[in-house]
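As structure tokens, the structure follows; a few thoughts come after it.
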Amino acid sequence: MQRLFAIIAAALLLSGCGYNDFQRLDEQSKAAWSEVLNQYQRRADLVPNIVATVKGEANFEQETLTKVIEARAKATSIQVTPETLNNPEAFNKFQQAQGELSGALSRLMVVAERYPQLQANQAFRDLRVTLEGTENRITVARNRYIQSVQDYNVLARSFPTNLTAMVFSYTAKPSFTVQNEAEISTPPKVDFSNPAPAAKP
């Protein structure tokens, strides 16, 4: 009977100190993270088709294509495990690789504007629309993950649930940050000195 009372008391103590909330929020953050990975993979799967379509355009900037290919290879080579969520260094490394792919793809689309025939290619237009939709999905998924991590971290740092976090070694989870904060805070430079190539007859 004493053991039963002890078990009940322990259960009440754990529920009152936020233990169950930690489990719930941890699962929510993992689910949100899985969706982020799903959308990143969706984007990575688009890259080969985009590159193949762009390669059909004569004289397209090879350096731009190469950077996209290299950025995709780097982003997909990083092994992501559940432990990544609790490892700020690994998380930042993954985030940086995905950021490089985002930048390379953005540059590719900007350069593509200078090629009228490529813009008239239906396959390219369809891929561009799909890519834009995927980027939007990534933004939504990232925002949901950021919110889930914020809820978890607030619980881990608030009293008295921070005592539970200390007992069970629940540490704050890393979240997305702006990697190029200095760059995006600088006004963009516009250069119209290089006119677009004339359309081929």
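The values are calculated or read from the model by the stated rules, or taken from the named source; none is laboratory data. Only a predicted model underlies this, so the values are computations on that prediction, with no experimental measurement involved. Here the Cβ positions follow ideal geometry from the backbone for every residue, glycine too, while neighbour counts run over all protein chains shown. Please note that ligands, DNA and RNA were not included when accessible areas were found on the heavy atoms of the full protein model with its side chains. Shrake-Rupley method; radii C 1.70, N 1.55, O 1.52, S 1.80 Å.
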Test set (1) closer than 21 Å to Tyr145 by Cβ; (2) at pLDDT below 85 - Ala11 fails condition number:
(1)
Does the range 169-187 include one or more residues that are at pLDDT below 90 and under 20 Å from Thr76 (Cβ atoms)?
yes
Restricting the range 32-45 to residues that are touching a helix residue (DSSP H, G or I) at 6+ places or on another chain (Cβ under 8 Å) and of a type in the set (Gly, Ala, Ser), the one surrounded by the most Cβ atoms within 10 Å (Cβ to Cβ) turns out to be Ala32
Among the residues of the range 80-94, the number that are crowded, with 17+ Cβ neighbours inside 10 Å and modelled with pLDDT of 90 or more is 3
Within the range 46-79, how many residues are within 21 Å of the chain's Cα centre (by Cα) and either open to solvent by 40 Å² or more (accessible area, probe 1.4 Å) or in contact (Cβ under 8 Å) with a residue 24 or more places away in the chain (or both)?
17
Checked the range 104-127 for anything open to solvent by 40 Å² or more (accessible area, probe 1.4 Å) and in contact (Cβ under 8 Å) with a residue 40 or more places away in the chain; matches are Arg107, Glu113, Arg114, Pro116, Gln117, Asn121, Ala123
Of all residues being of a type outside the set (S, T, N, Q) and in a loop (DSSP other than H, G, I, E, B) in the range 109-144, which is nearest to the chain's Cα centre (by Cα)? Just the residue, please.
Glu113
Quickly run through the range 145-165 and pick out the residues that are closer than 16 Å to Asn86 by Cα, open to solvent by 60 Å² or more (accessible area, probe 1.4 Å) and over 24 Å from the mean Cα position of the chain (by Cα).
Arg157
